[in-house]
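Chemist: Sharing a structure with you now.
The values are calculated or read from the model by the stated rules, or taken from the named source; none is laboratory data. What you see is a predicted model; the values in this text were computed from it and never measured. Note that each Cβ is placed from the backbone with ideal geometry, even for glycine, and that neighbours are counted across all protein chains shown.
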Amino acid sequence: MTKRKKIEEQPEIEIVEAEVIETGEGAAPEGETPEQAALDEIRMLQNELAETQAKANEYLDGWQRARAEFANYKKRIERDQGETYQRAAGSILKRQLEVVDDLALALKNRPTAGDGAAWSSGIELIYSKLLKVLESEGVKQMDIEGQPFDPNLHEAISLEPSDAVPSGHVSEVLKPGYLLGDKVLRPALVRVAQ
C-alpha cells in the first residue's frame, strides 16, 4: 500500500456550521446599555490590572531585598574568610619572626676572618631568603628609628634621657616591629627618649 492509497481511504471530514446561541452571559443587564456594560467591564479589568501590578511590585521589592541581602551575606563571608586567613597566616608568620631575630643576632656577632667568615656568609644568604619569603607574604618591617612613640606600633621597655632624639621619640630599636598588610603583626620593642 502506498501513501496515496492511505490518504484516499481516510473518510472525509465534514465541516458543520454551528449556530451561536446567546445565553445571556456578557449581555448587558436590564436598563444598561451595551456601551455602559463595556465601560463597567473595562473598569473591572483596570482594577484587576492595578491589583496585579501592586502584587508584582511587592514581589519585585521582595526579590530585590533578598538579592541585596544575599550580596551582603556573600561579601561578609568573603571578608570573614579573608580575616580568618590573615589571622592564621599571621600566627604562622609571627613564629617565623623569632627565627629572623635569631639569624639577625647571629649575623651581628659573626666572625670576619677565617672559616667562620665563609660560614657567616651562608647564614646571611639564608637570612635574606627568609626575609624575601616573608615579604612575598605581605610582611614588612617597620621603619621607626627616630619616629614619635606610638603605642599602637611600639612597645616601650624604658625611658632614657637623650640629647640626639627629641623627647617622646624612639631612641633605640631593640626588636624590629612588623606589619602584615596594614595590621601590626608584632610591635617593635623600643626605648623612648625622655
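Chemist: Quick one: in the range 128-147, of everything that is within 15 Å of Pro187 (Cα to Cα) and surrounded by 12 or more Cβ atoms within 10 Å (Cβ to Cβ), which residue is modelled with the lowest pLDDT?
Modeler: Glu145
Chemist: Say whether the condition of being at pLDDT below 90, surrounded by fewer than 11 Cβ atoms within 10 Å (Cβ to Cβ) and in a loop (DSSP other than H, G, I, E, B) is met by at least one residue in the range 95-111.
Modeler: Yes, the range 95-111 has at least one match.
Chemist: Ok, one more. Just one of Glu160, Glu98, Glu137 is under 14 Å from Leu179 (Cα atoms) and among the acidic types (Asp, Glu); which is it?
Modeler: Result: Glu137 is the single residue among Glu160, Glu98, Glu137 that is under 14 Å from Leu179 (Cα atoms) and among the acidic types (Asp, Glu).
Chemist: Out of Tyr85, Tyr73, report the one residue that is over 30 Å from Tyr178 (Cβ atoms) and assigned to a helix (DSSP H, G or I).
Modeler: So the residue among Tyr85, Tyr73 that is over 30 Å from Tyr178 (Cβ atoms) and assigned to a helix (DSSP H, G or I) is Tyr73.
Chemist: Here's a follow-up. Would you confirm whether any residue within the range 141-151 is on the phi < 0 side of the Ramachandran plot and small (Gly, Ala, Ser)?
Modeler: Residues of the range 141-151 that are on the phi < 0 side of the Ramachandran plot, as a first pass: 141-145, 147-151.
Subsequent filtering for residues that are small (Gly, Ala, Ser) retains none.
No, the range 141-151 contains no residue that is on the phi < 0 side of the Ramachandran plot and small (Gly, Ala, Ser).
Chemist: Scan the range 113-120 and give yes if some residue there is over 19 Å from the mean Cα position of the chain (by Cα), surrounded by fewer than 10 Cβ atoms within 10 Å (Cβ to Cβ), over 23 Å from Val173 (Cα atoms) and of a type in the set (Ser, Thr, Tyr), otherwise no.
Modeler: Among the residues of the range 113-120, not one is over 19 Å from the mean Cα position of the chain (by Cα), surrounded by fewer than 10 Cβ atoms within 10 Å (Cβ to Cβ), over 23 Å from Val173 (Cα atoms) and of a type in the set (Ser, Thr, Tyr), which makes the answer no.
Chemist: Would you list the strands (runs of 3 or more DSSP E) that sit entirely within the range 114-194 and hold 1 or more residues that are free of Cβ contacts under 8 Å to residues at least 24 places away in the same chain and within 15 Å of Glu98 (Cα to Cα)?
Modeler: Of the strands (runs of 3 or more DSSP E) lying wholly inside the range 114-194, those with at least 1 residues that are free of Cβ contacts under 8 Å to residues at least 24 places away in the same chain and within 15 Å of Glu98 (Cα to Cα) span 170-175.
Chemist: Would you point out the residue of the range 147-194, among those that are over 34 Å from the mean Cα position of the chain (by Cα) and acidic (Asp, Glu), that is farthest from Gly90 (Cα to Cα)?
Modeler: Only one residue fits best here, namely Asp163.
Chemist: Still on this structure: Return the pairs, sorted by first residue and then second, in which the second residue is surrounded by fewer than 10 Cβ atoms within 10 Å (Cβ to Cβ), the first residue lies in the range 33-48 and is assigned to a helix (DSSP H, G or I), the beta carbons are less than 9 Å apart, and the residues are 6+ apart or on different chains.
Modeler: Ala37/Pro29
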